[in-house]
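> Just passing along the structure, written as structure tokens.
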Amino acid sequence: MNNTDFSQNIKLPVVAAPMFLISGPELVIACCKNGIVGTFPALNQRTTEGFEEWVVQIKTELDQWEKETGKKAAPFGVNLIVHGSNPRVQADLMVCIKHQVPLIITSLGAVKDLVDAVHSYGGLVFHDVIKKRHAEKAAEAGVDGLILVCAGAGGHAGTLNPMPFIREVRSFFEGTILLSGAMSSGQDVASALQMGADYAYMGTRFINTNESKATDEYRDMIIDAGSSDIVYTAAISGVSANFLGASLNAAGITEEQLKATGKIDFGKEMDTEAKAWKTIWSAGQGSATINDTVPATDLINRMKTEFKDAIEMQKKNLERYS
């Protein structure tokens, strides 16, 4: 698969980001049916066997939907944590190869052997980065796309402003660029493209959909949060990430603890990590513009309208200043 084939059935240039404990088959399937890329982390299932069941479920339901409607679903993707402490990465990769998962999103390491394995069956690899050095290494590994995780993004995030970061990466990378960070609307998607990205990479907005695995309390906290209520810390997982301040307070996390950094370990500490993220909730600064919880179909249709309206406004501005 090349990037042109990948984008063929995408109706809005959005990838719904894979969110730990939040993204599952229901959300992925709803996204793909409505023309955006749905993804989930392999580690959202506690075993490789369970992960494979999810992949089969997604493929089966999308294939059936296509037969019944005559429409084509957008592709789906899986996030693999490529880190030495993740004991499942090879087994999970074998599942992806077996079922020819269209898109693999890699985190915490760009490995050429993995990229070559995915390319062997025609899949694409997008890798998330927070700085130029990481982007250069991923480009050398042969990835098809780079996800620029910028300031304000939910979950594991960076601190760079997207405008110079995109231009910096474009100077040496000719592949697909996805922009991540505080986007919640179709207008934001249009802005991402205007800055030079090919896709918007959105997570927090999809927490507040009926199909996500988030609790009502989690969703309500996002609705109540402003941009200044998001706390950036490495204390929870060993990697700097953005969390809802109210959930940190509710868990009794002190200011001193927030300054600490832990050791990254996606193996023996996975159960501990999962328990922590069930009560300490991640979100990006885009929470400030999220005011409801709706079915994914309604959200995506709304964003399609907002996107078209924003593009029309840009055309009018172009005519005005020509």
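> Just one of GLY77, GLY152 is in a strand (DSSP E or B), crowded, with 23+ Cβ neighbours inside 10 Å, modelled with pLDDT of 95 or more and not hydrophobic (A, V, I, L, M, F, W, C); which is it?
Working: GLY152 fails: in a strand (DSSP E or B).
One residue alone meets the criteria, GLY77.
Results for (1) surrounded by 24 or more Cβ atoms within 10 Å (Cβ to Cβ); (2) modelled with pLDDT under 95, shown as yes or no for each residue.
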| site | (1), (2) |
| --- | --- |
| LEU178 | yes, no |
| GLN187 | no, no |
| GLU211 | no, no |
| ILE222 | yes, no |
| SER247 | no, yes |
| GLY252 | no, yes |
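> While we're here: Report every pair of residues separated by at least 6 positions or lying on different chains whose Cβ atoms are under 8 Å apart, first residue within the stretch 284-301 and more than 10 Å from ASN210 (Cα to Cα), second acidic (Asp, Glu) and surrounded by 16 or more Cβ atoms within 10 Å (Cβ to Cβ).
The qualifying pairs are GLY286/ASP188; SER287/ASP229.
> Just the residues that are in contact with a helix residue (DSSP H, G or I) (Cβ under 9 Å, 6 or more places away or on another chain) and part of a helix (DSSP H, G or I), please, taken from the stretch 167-195.
GLU168, VAL169, GLY186, GLN187, ASP188, VAL189, ALA190, SER191, ALA192, LEU193, GLN194
> Step by step: first the residues of the stretch 104-140, then only those that are in contact with a strand residue (DSSP E or B) (Cβ under 6 Å, 6 or more places away or on another chain) and among the polar types (S, T, N, Q), then the one that is nearest to GLY38 (Cα to Cα). Which residue is that?
Per the stated criteria, the residue is THR106.
> Oh, and also: Can you name every residue in the stretch 17-56 that is under 19 Å from LYS278 (Cα atoms) and part of a loop (DSSP other than H, G, I, E, B)?
Matches in the stretch 17-56: ALA17, PRO18, MET19, PHE20, LEU21, ILE22, SER23, GLY24, GLN45, ARG46, THR47.
Yes/no per residue for (1) buried (at least 18 other Cβ atoms within 10 Å of the Cβ); (2) part of a helix (DSSP H, G or I):
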{"residue": "LYS71", "(1), (2)": "no, no"}
{"residue": "LEU93", "(1), (2)": "yes, yes"}
{"residue": "ALA139", "(1), (2)": "yes, yes"}
{"residue": "THR159", "(1), (2)": "no, no"}
{"residue": "MET163", "(1), (2)": "no, yes"}
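> Starting from the stretch 97-114, keep only residues that are touching a residue at least 60 places away in the same chain (Cβ under 8 Å) and over 18 Å from ALA73 (Cβ atoms), then list their pairs with residues that are hydrophobic (A, V, I, L, M, F, W, C) and in a loop (DSSP other than H, G, I, E, B) whose Cβ atoms are within a distance under 7 Å, requiring at least 6 positions of separation or different chains.
LEU108/VAL82
The values are calculated or read from the model by the stated rules, or taken from the named source; none is laboratory data. Values in this document were obtained by computation on a predicted structure and should not be read as measured data. All Cβ positions, glycine included, derive from the backbone under ideal geometry; neighbour counts span all protein chains shown.
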